[in-house]
Amino acid sequence: MDRPIGILDSGIGGVTVLKEILKLLPHENYIYYSDSLHNPYGDKRKDEIFKYVDAIVQFFLEKNCKAIVFACNTATALAIQDIRKKYPQVMIVGIEPAYKMVYDYASCKKTLVMATPATIHSEKFMHLFHQYDNGNTILLPCPNLATYIEQGENQKIEKYLKEVLPKEKIEVVVLGCTHYPLITKQIEKILGKVLFYDGGKGVALRLKNLLAEKNLLTNSTLGNLSFYDSSSNSIKEKRFFELLK
Ligand code: DGL
């Protein structure tokens, strides 16, 4: 079997990234790792997130992965630089809030960036924000939101969004957490029609280009996907495969 690609998230939210990857690379083998034993990551310290992600990366290396995707904005923001330093032998691609897309395609528009507190307050995101700041952006850290999405608690999600989303007119929403593309309908119910940007497509393209550059694309026509959850939660697995459909 061809060497797999490891995809990690704190939970099942990374399914939104995997879907984009599968559109471009349907024949690769994948191992998806959901760290539900330790989620949410979004309220954790940098050293804790590094420790959890480091263990997952070691697991992927034992499985002989040819590339690793951080399908988690929080893990990218807090740990990717140190993980890349520790494991220079493996290709690591990470998702980050698609704020540059606002600069490229919607620069004057009233923008809302939603992400976990850890992502919003990270040095990495602050750097990106200051580089592309359109002077018309609200940054909204959303503690607990990923957990409600992870657990499929729709009533809590709607109540939460009603409380935290701004009352003023928003034109663009940057979904800076891989769980959030799962609740675009609920967001629009409150904000009205908006333009959503997330980093999923960009990561998929970057992964494809890097694999091609290094001659690592598979020749096979049969892809395989296995799912691991750190708390062996079978409900998570069931939901993951439902969301993947
Ligand atoms: N899905 C993750 C992200 O993209 C984090 C969710 C969490 O565990 O807080 O940031």
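The values are calculated or read from the model by the stated rules, or taken from the named source; none is laboratory data. Here the structure is a predicted model, which means the values were calculated and not measured. For neighbour counting, all protein chains shown are included, and Cβ atoms are generated from backbone atoms with ideal geometry for every residue, glycine included.
Remarks
- Test result for LYS162, more than 22 Å from ALA71 (Cβ to Cβ) and basic (Lys, Arg): yes
- Within the option set GLY135, GLY192, GLY176, being within 16 Å of the chain's Cα centre (by Cα), under 22 Å from TYR105 (Cβ atoms) and not hydrophobic (A, V, I, L, M, F, W, C) holds for one residue only, GLY176.
- Single residue of the range 149-176 satisfying the filter (within 12 Å of the ligand (Cβ to nearest atom) and assigned to a helix (DSSP H, G or I)) that is nearest to LYS236 (Cα to Cα): GLU150
- LYS19 being among the charged types (D, E, K, R), more than 22 Å from TYR87 (Cα to Cα), out of contact with any strand residue (DSSP E or B) (no Cβ under 7 Å at 6 or more places or on another chain) and surrounded by fewer than 24 Cβ atoms within 10 Å (Cβ to Cβ): yes
- Top-ranked residue of the range 202-245 - restricted to ones that are assigned to a helix (DSSP H, G or I) and of a type in the set (S, T, N, Q), ranked as surrounded by the fewest Cβ atoms within 10 Å (Cβ to Cβ): SER234
To keep it simple, each residue is scored yes or no on (1) of a type in the set (S, T, N, Q); (2) in contact with a helix residue (DSSP H, G or I) (Cβ under 6 Å, 6 or more places away or on another chain); (3) at pLDDT below 95.
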| position | (1), (2), (3) |
| --- | --- |
| PRO88 | no, no, no |
| MET91 | no, yes, no |
| THR116 | yes, yes, no |
| ASP133 | no, no, no |
| ASN154 | yes, no, no |
| LYS159 | no, no, no |
| LYS169 | no, no, no |
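- Residues being within 14 Å of the ligand (Cβ to nearest atom) and either modelled with pLDDT under 95 or touching a helix residue (DSSP H, G or I) at 6+ places or on another chain (Cβ under 8 Å) (or both) - total across the range 1-18: 11
- The range 42-92: number of residues that are within 15 Å of the ligand (Cβ to nearest atom), among the hydrophobic types (A, V, I, L, M, F, W, C) and assigned to a helix (DSSP H, G or I): 9
- The number of residues in the range 177-201 that are assigned to a loop (DSSP other than H, G, I, E, B) and over 18 Å from THR137 (Cα atoms) comes to 2.
- Answer residue from the range 36-55, given it is of a type outside the set (Ser, Thr, Tyr), touching a residue at least 60 places away in the same chain (Cβ under 8 Å) and buried (at least 20 other Cβ atoms within 10 Å of the Cβ) and is farthest from VAL17 (Cα to Cα) among those: LYS44
- When residues of the range 98-125 are limited to those that are more than 16 Å from the ligand (Cβ to nearest atom) and of a type in the set (Phe, Trp, Tyr), the one surrounded by the fewest Cβ atoms within 10 Å (Cβ to Cβ): TYR105
- Of the residues making up the range 19-41, just one is β-branched (Val, Ile, Thr) and within 16 Å of the ligand (Cβ to nearest atom), namely ILE21.
- Contacts under 8 angstrom Cβ, first residue in the range 232-245 being of a type in the set (D, E, K, R), partner surrounded by fewer than 16 Cβ atoms within 10 Å (Cβ to Cβ), 6 or more apart: ARG239/GLY152
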